[in-house]
Amino acid sequence: MKILKTFVLLFAMIFVLSCNSKSKELEFEVTVGESIFRVETMTLDNGFGYTVALNGKKMISQTVIPAIEGNHYFKTREDALKVGQAVLMKMLKSSELPTITPEEIKELNIVIE
């Protein structure tokens with residue numbers, strides 16, 4: 001439990017530090033050993049998306065809300081970042097490709113229209 005509390009605190013600190021007022025994009029970064037994982041939001045014509053990169057190499061580029069049927073775009077940068085962070089946390093826990101479920105999208109309070 002203490003590790004979880006430490007992780008949540010670290011997560012919150014990184015999130016606050018990563019919100020750069022000069023840039024409208026949001027980002028989140030985690031260093032594990034010598035590996036740097038980074039989630040960044042991106043502006044699209046119809047909303048927002050996110051990318052996940054490892055040591056500067058893009059691994060995932062998500063332009064629509066995953067796990068939801070149809071092409072639904074993230075309405076806010078914050079929603080895109082929340083899902084990107086959830087994907088990254090899954091990547092760190094397992095070597096398999098991360099998947100997000102409709103239930104997880106709902107738990108993250110992602111706005112879908």
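The values are calculated or read from the model by the stated rules, or taken from the named source; none is laboratory data. Quantities reported herein were computed from a predicted structural model and do not represent experimental measurements. FYI the Cβ positions are ideal-geometry reconstructions off the backbone, even for glycines, and counts take in every protein chain you see.
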*Working carefully through the options Val8, Val87, find the one that is at pLDDT 95 or above and not in a loop (DSSP other than H, G, I, E, B).*
Val87
*asked:* Restricting to segment 73-96, name every residue that is in contact with a strand residue (DSSP E or B) (Cβ under 9 Å, 6 or more places away or on another chain) and aliphatic (A, V, I, L, M).
replied: Ala80, Leu81, Val83, Val87, Leu88, Met89, Met91, Leu92
*Residues satisfying the stated conditions in segment 26-64, i.e. more than 19 Å from Ile112 (Cβ to Cβ) and of a type in the set (Asp, Glu)*: Glu27, Glu29, Glu34, Glu40
*Somewhere in segment 66-73, is a residue under 14 Å from the mean Cα position of the chain (by Cα), at pLDDT 95 or above and part of a strand (DSSP E or B)?*
no
